[in-house]
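Peer 1: The structure is given below, and queries will be raised subsequently.
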Amino acid sequence: MKRLLCIGISILLISACSKGAHEAQQPDALHPSPVKEEQAARPTFKDKTDPSWNSYSIALPTAAIILSELSKASQSDGALTIKSAVGNRAFMSTSRYSVEGSKKLIVRPLDESMITEKVLPDPAQLPVSDPQAVWTAPFIITAGPYLCTNAVILATSEPAIVILEPETLVPIKSFPISHLIISFTKFNPETYELYAIHGDLSTGTYRFGDTETVQSDTVQLLVGPEENALRKMQDKTGKLLSSSTPIQFGRTQIFPVVSAVETTAANLFRIAVEEDGPYRIYLDGLGNIPFLLILFDKDGESIFSNIEYAVEKVMEYPLEKSKVYYLVVSLFAGNTEGQNTAKGPVQLVIRKK
């Protein structure tokens, strides 16, 4: 009996201890257990854009560009804030885009390890890593960059507005324009309008669009010679080719963006150079087949040809960087496709002497 009593007391003590331990583990309603405070996530520039950083969270239509407005301004105009493109910067997401030197755009990743506060700092205060991509322009960069989610916008001294892919800086399109842009002033993401200052201190509004037909007509209007000048070029070309039918040029090509020569038709190239000086103009890949070169000024006046005084394979002439020239390239009537034409592509070459 005494042994049974001891066993019962032991069982009661064990139950009491277990209950006490369980209750000790339960939080007191009056004294709740402390909750661990979650560490706040560090802010990041990822996927962020801001007009103050020259970046916009829109996809830019890149099929067309139209000079929708052109006006004259004076140097006293407060809107004329002009600065060199060299040193210009733009920031989008975790990348910095900067014009370095006169012809290079470089994108570098931002180093966000320096961010310690809850509010994002000015991205220009952050260090950057090694270059992610570099684009070397064929002409001097004169304005930009402005950034959209699908495009980097720049202007060059060709003159042209150039669109690059943001991550790789691979060129998407180059839109030759009639005026040299020396500065961008603003961009309207709602209307896709870019505002710029030209070298003659006029101001232009360029509207981007998504219709190839509009782009084709508009760019051809800006790039090609005026109607009267074009007529003079066609008449002069027909005369030197001794053509019985009127000469018609196709689309005006921009050299050096396009250098391929069509051997079955008369070609018209728009030429601009970066430096003053004598240049050699000739065709590569044509062999001994005779061809015609005629250099015109922008008004359609003939400057020089390779056949008027002597048949020359190479034409030499001093070109000026401030001027636009047009060059006609054509084979003669007897040299059509399949009849004594060169094997392989024919290229126009314009090289400083």
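The values are calculated or read from the model by the stated rules, or taken from the named source; none is laboratory data. This one's a predicted model, so the numbers in the text were calculated from it and none came from an experiment. Don't worry about glycine lacking a Cβ; one is built from the backbone with ideal geometry, like all the others, and counts go over all protein chains shown. Only protein heavy atoms, including side chains, enter the accessible area calculation; ligands, DNA and RNA are left aside. Shrake-Rupley method; radii C 1.70, N 1.55, O 1.52, S 1.80 Å.
Peer 1: Just to be sure before I move on: is residue 274 among the acidic types (Asp, Glu), within 25 Å of residue 174 (Cβ to Cβ), assigned to a loop (DSSP other than H, G, I, E, B) and in contact with a Phe, Trp or Tyr (Cβ under 9 Å, 6 or more places away or on another chain) in the structure I sent?
Peer 2: yes
Peer 1: Touching a residue at least 12 places away in the same chain (Cβ under 8 Å), closer than 29 Å to residue 41 by Cα and exposed (fewer than 14 other Cβ atoms within 10 Å of the Cβ): is that true of residue 123 in this structure?
Peer 2: No, not satisfied.
Peer 1: Is the range 144-153 home to any residue that is open to solvent by less than 10 Å² (accessible area, probe 1.4 Å) and out of contact with any strand residue (DSSP E or B) (no Cβ under 6 Å at 6 or more places or on another chain)?
Peer 2: yes
Peer 1: Report whether or not residue 273 is free of Cβ contacts under 8 Å to residues at least 60 places away in the same chain and either under 28 Å from residue 159 (Cβ atoms) or surrounded by fewer than 20 Cβ atoms within 10 Å (Cβ to Cβ) (or both).
Peer 2: No; evaluated as a whole, the condition is false for this residue.
Peer 1: Pick from the range 242-265 the residues that are farther than 23 Å from residue 177 by Cα and buried (at least 19 other Cβ atoms within 10 Å of the Cβ): which of them is farthest from the chain's Cα centre (by Cα)?
Peer 2: Result: 247.
Peer 1: Scan the range 140-159 for residues that are part of a strand (DSSP E or B) and closer than 26 Å to residue 298 by Cα and report the count.
Peer 2: 6
Peer 1: Let me ask something else about it. Among the residues of the range 281-298, write down those that are open to solvent by 50 Å² or more (accessible area, probe 1.4 Å), touching a residue at least 24 places away in the same chain (Cβ under 8 Å) and either within 14 Å of residue 255 (Cα to Cα) or assigned to a loop (DSSP other than H, G, I, E, B) (or both).
Peer 2: Hits for the range 281-298 are 287, 290, 298.
Peer 1: If a residue has to be out of contact with any Gly (no Cβ under 8 Å at 6 or more places or on another chain), without any contact (Cβ under 8 Å) to a residue 24 or more places away in the chain and either among the hydrophobic types (A, V, I, L, M, F, W, C) or assigned to a loop (DSSP other than H, G, I, E, B) (or both) to count, how many in the range 246-270 make the cut?
Peer 2: Residues that pass the stated criteria total 3.
Peer 1: Here's another thing I want to ask about it. Which members of the range 160-188 meet the condition of being in contact (Cβ under 8 Å) with a residue 60 or more places away in the chain, surrounded by 16 or more Cβ atoms within 10 Å (Cβ to Cβ) and part of a loop (DSSP other than H, G, I, E, B)?
Peer 2: Scanning the range 160-188 gives 166, 169, 177, 179.
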